[in-house]
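Undergrad: Pasting a structure here, questions to come.
The values are calculated or read from the model by the stated rules, or taken from the named source; none is laboratory data. Predicted model, so just to flag it, every value in this text is computed and none were measured. Please note: Cβ atoms are built from the backbone with ideal geometry, for glycine as well, and neighbour counts cover all protein chains shown. Ligands, DNA and RNA are excluded from the accessible area calculation, which covers all protein heavy atoms including side chains. Shrake-Rupley method; radii C 1.70, N 1.55, O 1.52, S 1.80 Å.
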Amino acid sequence: DIKLVELGTALADNVCLIDAEGGEFDLSVYSNGEYHVQMLSEASWLQLSTMKGNGDGVIKLNAEPNADFKRMVTFILCSDVDSRRDTVYVKQLGAIEAQLSVENTSVILAGAGGQSSASINTNIPADKFDVKVEYDLNVADGVVSTDWLDVRMTGSGPVSLDMVTSSNTHAAAVRSASVSLSFVDGWGDKVALELNVLQKNSNEMLGVIKT
């Protein structure tokens, strides 16, 4: 008879949840043969007591305290007997939860162009954001208005969205765009915010948006 290879854990969905304070966790591995651990993501905050085993056993996980946002390490238990694989997700809670808000999601900019900024209420560092600009393709006098807005996030305590615009030379048309700000933590959870940006026409008025 061919012996059936067994390899896995007793964890629900193979998720090991660790508190933000860190500490040691015993990961029980059930196996009837030799196996090794293959790391899919490296992290200095998590140490494994062994990277291989033979038969039932325990891998001790030691996690450092997490003063930041949620984080995760993924590794695979790989059978050395056949192709059996079992993925384990080590998720650690964070001491802080990501926050993102703004007092007003509508931003009105001068038709003359120039620099301006909007204050963002967040505890997320500016360099952790994914920032995207999507232009509303309003046609004014046969010209499609794009690439008139340059944005970037700055700051680490108070964070601001800095905007630089070219001048709007159209006497009636208002330029419009949406700016999306998003952050994904170590668990893949996302927080996002969208701002609606309007630039006045050359007469510094909010005229009719032409489509």
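Undergrad: By how many nm would the segment from residue 34 to residue 136 lengthen if fully extended, with 0.36 nm per residue of separation less the alpha-carbon distance?
TA: 30.9 nm
Undergrad: Leaving out ligands, DNA and RNA, and with a 1.4 Å probe, what % of the accessible surface on the chain is carbon or sulfur?
TA: 48 percent
Undergrad: Further question: Ordering 75, 129, 25 by how much accessible area each has at a 1.4 Å probe, largest first, what is the list?
TA: 25, 129, 75
Undergrad: Within the set of other residues whose C-beta is less than 11 Å from the C-beta of residue 156, count the net charge using Lys and Arg as +1 and Asp and Glu as -1.
TA: Once positives and negatives cancel, what remains is 0.
Undergrad: How long is the gain from residue 43 to residue 119 if the chain were fully straight, where each residue apart is worth 0.36 nm and the alpha carbon distance is subtracted? Don't skip to the end; give the middle numbers.
TA: Numbers: separation 76, 0.36 × 76 = 27.36 nm, distance 3.31 nm.
Computed gain between residue 43 and residue 119 is 24.0 nm.
Undergrad: Report, by chain and number, residues whose modeled amide H sits under 5 Å from the one on residue 152, excluding near sequence neighbours (fewer than 5 apart, same chain).
TA: Under 5 Å from the amide H of residue 152: 162.
Undergrad: If you find the alpha carbon centre of segment 1-57 and of segment 64-109, how far apart are they in angstrom?
TA: Segment 1-57 and segment 64-109 have Cα centres spaced 18 Å from each other.
Undergrad: With every protein chain kept in place and ligands, DNA and RNA left out, what is the accessible area per residue of the chain? Probe 1.4 Å, answer in Å². Display every interim value, and only then the final one.
TA: Details: 11690 Å² over 211 residues.
Here the residues of the chain average 55 Å² of exposed surface.
Undergrad: Take 84, 175, 152 and sort them by solvent-accessible surface of the protein heavy atoms, 1.4 Å probe, largest at the top.
TA: Order by accessible area, largest first: 152, 84, 175.
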